[in-house]
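Engineer: Got a structure here, written out as structure tokens. Questions coming.
The values are calculated or read from the model by the stated rules, or taken from the named source; none is laboratory data. Keep in mind it's a predicted model, so treat the numbers as computed, not measured. Cβ sites come from the backbone with ideal geometry, for glycine too, and all protein chains shown count toward neighbours. These accessible areas exclude ligands, DNA and RNA; they are computed on the full protein's heavy atoms, side chains included. Shrake-Rupley method; radii C 1.70, N 1.55, O 1.52, S 1.80 Å.
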Amino acid sequence: MKIIKKIEEMQSWSDEQCRKGLTIGFVPTMGALHQGHLELVKLSRDRVDITVVSIFVNPTQFGPHEDFNAYPRQFESDSEKLQKKNVDVLFAPTAEDMYGAEFQTSIDIKDVSRGLCGEFRPGHFQGVATVVLKLFNIVKPHVAIFGEKDYQQLLVIKHMVHDLNLDVDIISHPIVRDSDGLALSSRNVRLSQEERKRALIIPAILIRAQELFNKGEREVAKILTACVEFIDREGKLNLQYLEIRDAHTLKSISKIEREAVVLLAAHVGNVRLIDNCILGSHETLN
Ligand code: AMP
């Protein structure tokens with residue numbers, strides 16, 4: 001596996017692969033890799049000739065009081081994991097190279113970035129969209145793989161690609177969970193044993209919503225009320241939001257008439273976790 005740190009080197013390496021007629025798949029990450037990331041890598045390897053993974057903890061998507069400094073960084077073990085998965089290139093630029101002192105551009109994707117995480121993390125999706133566009137221009141992928149774990153992010157990126165006519169196919173991968181149901185996240189390593197147990201209420205809430213939906217309930221307010229009652233009964237949770245939205249547009253809905261998504265964000269101790277599940281589709285939590 002080649003490790004590339006310089007932007008120009010990455011661009012010319014990608015140009016060379018394209019000249020050879022090879023297709024490039026791209027998995028952008030912030031590192032602290034787990035099985036969820038590795039499944040995205042596998043999907044890329046199944047679809048294209050060459051897979052590039054980036055590791056870049058992007059400062060511009062963290063708010064001033066968020067966990068940029070505390071975000072786990074483990075470059076050595078990450079690169080070993082990627083090597084074992086036969087990744088072709090690990091791209092790991094520095095923040096200085098990505099954002100020079102004169103940097104002043106930002107991508108703002110309107111409606112789909114508003115609300116949910118957009119409400120609690122002002123500027124977050126501008127930071128995400130801008131860095132993803134930069135990475136696309138550097139890695140020049142034919143296909144990019146994103147996890148459904150960051151559902152709003154996935155739709156933001158899809159919108160950007162559509163609106164700006166970017167020549168890249170976006171493929172999504174379902175959420176990868178631990179055996180106890182907790183969605184894998186780089187932030188899980190920051191949970192104490194007791195917090196890790198408490199966090200299990202998060203997938204349990206989603207299962208509750210799914211049960212009600214499967215029984216035929218279609219009123220959003222009724223499902224959400226039942227979920228809140230479930231939280232009150234089962235224990236405390238420092239919830240930021242719990243919402244049901246249209247799965248394709250993320251618009252607010254009061255009745256489920258086509259695929260919908262239950263999305264939530266909560267703090268367990270100091271760790272902010274997000275999760276979601278689709279109502280009315282293939283993915284079933286168990
Ligand atoms: P991150 O390193 O957290 O920025 O995530 C990099 C990519 O991995 C994003 O597309 C995430 O949605 C995806 N990802 C993270 N955790 C999971 C998971 N548990 N299941 C599926 N995809 C994930």
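Engineer: So, restricting to strands (runs of 3 or more DSSP E) that lie completely within segment 1-72, which ones have at least 2 residues that are more than 20 Å from Leu133 (Cα to Cα) and modelled with pLDDT of 95 or more?
Structural biologist: By residue number, 2-4.
Engineer: Just for helices (runs of 4 or more DSSP H) wholly inside segment 164-240: which have at least 2 residues that are of a type in the set (Val, Ile, Thr) and either within 18 Å of Lys149 (Cα to Cα) or at pLDDT below 95 (or both)?
Structural biologist: Here the list reads 201-214.
Engineer: Do the conditions hold for Val139, that is, is it aliphatic (A, V, I, L, M), over 28 Å from Val271 (Cβ atoms) and surrounded by fewer than 19 Cβ atoms within 10 Å (Cβ to Cβ)?
Structural biologist: When the stated conditions are applied, Val139 does not pass them.
Engineer: Could you tell me which numbered condition Gly181 fails, if it satisfies all but one of (1) free of Cβ contacts under 8 Å to residues at least 60 places away in the same chain; (2) open to solvent by less than 10 Å² (accessible area, probe 1.4 Å); (3) farther than 18 Å from Met30 by Cα?
Structural biologist: Gly181 satisfies all of (1) free of Cβ contacts under 8 Å to residues at least 60 places away in the same chain; (2) open to solvent by less than 10 Å² (accessible area, probe 1.4 Å); (3) farther than 18 Å from Met30 by Cα except (1).
Engineer: What residue, of Gln11, Gln61, Gln35, is within 11 Å of the ligand (Cβ to nearest atom) and open to solvent by 40 Å² or more (accessible area, probe 1.4 Å)? Walk me through how you get there before you give the answer.
Structural biologist: Working: Gln11 fails: within 11 Å of the ligand (Cβ to nearest atom); Gln61 fails: open to solvent by 40 Å² or more (accessible area, probe 1.4 Å).
Sole residue among the options that is within 11 Å of the ligand (Cβ to nearest atom) and open to solvent by 40 Å² or more (accessible area, probe 1.4 Å): Gln35.
Engineer: Sticking with this structure for a sec: Please indicate, with yes or no, whether at least one residue in segment 159-172 is within 12 Å of the ligand (Cβ to nearest atom), over 20 Å from Ile55 (Cα atoms) and without any contact (Cβ under 8 Å) to a residue 60 or more places away in the chain.
Structural biologist: no
Engineer: Evaluate segment 173-191: report whether one residue or more is among the hydroxyl-bearing types (Ser, Thr, Tyr) and closer than 25 Å to Ser281 by Cβ.
Structural biologist: Taking segment 173-191 and keeping what is among the hydroxyl-bearing types (Ser, Thr, Tyr), we get 179, 185-186.
Checking the rest, the ones that are also closer than 25 Å to Ser281 by Cβ come to 179, 185.
Yes, segment 173-191 has at least one match.
Engineer: Now for a different question. If I filter segment 244-258 for residues that are over 26 Å from Val57 (Cβ atoms) and in contact with a Pro (Cβ under 9 Å, 6 or more places away or on another chain), do I get at least one hit?
Structural biologist: There is no residue in segment 244-258 that is over 26 Å from Val57 (Cβ atoms) and in contact with a Pro (Cβ under 9 Å, 6 or more places away or on another chain).
Engineer: Given the criteria touching a helix residue (DSSP H, G or I) at 6+ places or on another chain (Cβ under 8 Å) and closer than 23 Å to Ile157 by Cα, does Ile7 qualify?
Structural biologist: So Ile7 fits the description; yes.
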